[in-house]
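The values are calculated or read from the model by the stated rules, or taken from the named source; none is laboratory data. Small disclaimer: the values here were computed from a predicted structure and weren't measured. In this analysis, Cβ positions are derived from the backbone assuming ideal geometry, glycine residues included, and neighbour counts consider all displayed protein chains.
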Amino acid sequence: MNMANSPLLSRPGAVAGAQTDAGVAAHYGEPNKEQRALFNGDAIADLSHFEVVQLAGEDRLTWLNTLSSQALDNLHPGQSTQTLLLTVQGRIEFDIRVLAGTDFLWLLLEPGQARLLVTFLERMRFMMRVEITDVSEQYALLGACAAQPALAHYPVWIDPWPGVAVGGYAYSAPEEHPGTESPWYLYIVPAAELEAAVGTTPLAGMLAVEALRIAAWRPRFGFDTDEKTIPHELDLIRTAVHLDKGCYKGQETVARVHNIGRPPRRLVFLQLDGSMHTLPAVGSEVRIGEKVIGTLTSVATHFEAGPIALAIIKRNIDTESDVDVVDGEEHYAAKQETIVSPDAGQTAGRFTGFLRTPR
């Protein structure tokens, strides 16, 4: 629902979000309570600032399949997946949540991405039988950590994270992934029905959404990415890349790094010092001593774990090293948890150590 402010901002206690998440509530007065309710499946989140594109036409599946990193040509109605559009150098240009409808695809995007995606796709259409429509003003998204029976009649995208899709590969160690604790559902609701769809269900703001996302190690486009990001650095090979599909832009880099190289950087989870009374700003330097090893990309306060963050750091940093997050004069001590292993990549001829799905 691409408008200035969500009507749900009129709910009691609502405090508007800022920057990318402007237009919806950061919280409704009780951030920790909202977060716990969202985690337990007892609340829903207003994501009406996210954007929606519909892709129709007879060639929609085969055409988008040729452009993107995921195998899409055999999607069946109701199936959810994730795909990326990459540059020739394999860098992420678009991160798209895809839901197959009967006659078209729903493409769900971060705020501000729909117009850019439509422009890109129109340039690539040529003579293909496809129709590309930005419907962000007609639809809104509602997020939840559990299926919502009251919303069951609406289309729903179910996050494949942290599973390993067919053709995918996990760059984190094959231990239990924290993302399994908070599955993610995005319901696509006509904008005119948003308030009625929510009804009396408790609401959680974007502070809650972000805290649970960070705790689940889910990278977010525009937050944990920059102009150089390749999928391997964020563990997105597991859900958004099919390593055995046909040619697409960026495939050479994806294959080369996966088979004979290593990603230059890696996403890491940070448990921040809980004795501080503030959070470091996104963009703060991550250091070991005086050496800058990376950048803080996402930060939040978790209702159980306290202050947590995601950061992009150099690949070869020792996973056991404690680090400091430096925001101006403030130093925040932090402990790493490995998301992308420093040993990720160079899989050619290697059959153990990481999880690969069968073809």
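Right, residue 296: aliphatic (A, V, I, L, M), under 21 Å from residue 92 (Cα atoms) and not assigned by TED's automatic domain parsing to the domain that holds residue 39 or not?
Here the answer is yes, as residue 296 does meet what is asked.
Which condition number does residue 10 fail, the rest of (1) among the hydroxyl-bearing types (Ser, Thr, Tyr); (2) loosely packed, with under 15 Cβ neighbours inside 10 Å; (3) touching a residue at least 40 places away in the same chain (Cβ under 8 Å) being met?
(3)
Quick one: count up the residues across the stretch 17-34 that are of a type outside the set (S, T, N, Q) and within 19 Å of residue 222 (Cβ to Cβ).
The total comes to 7.
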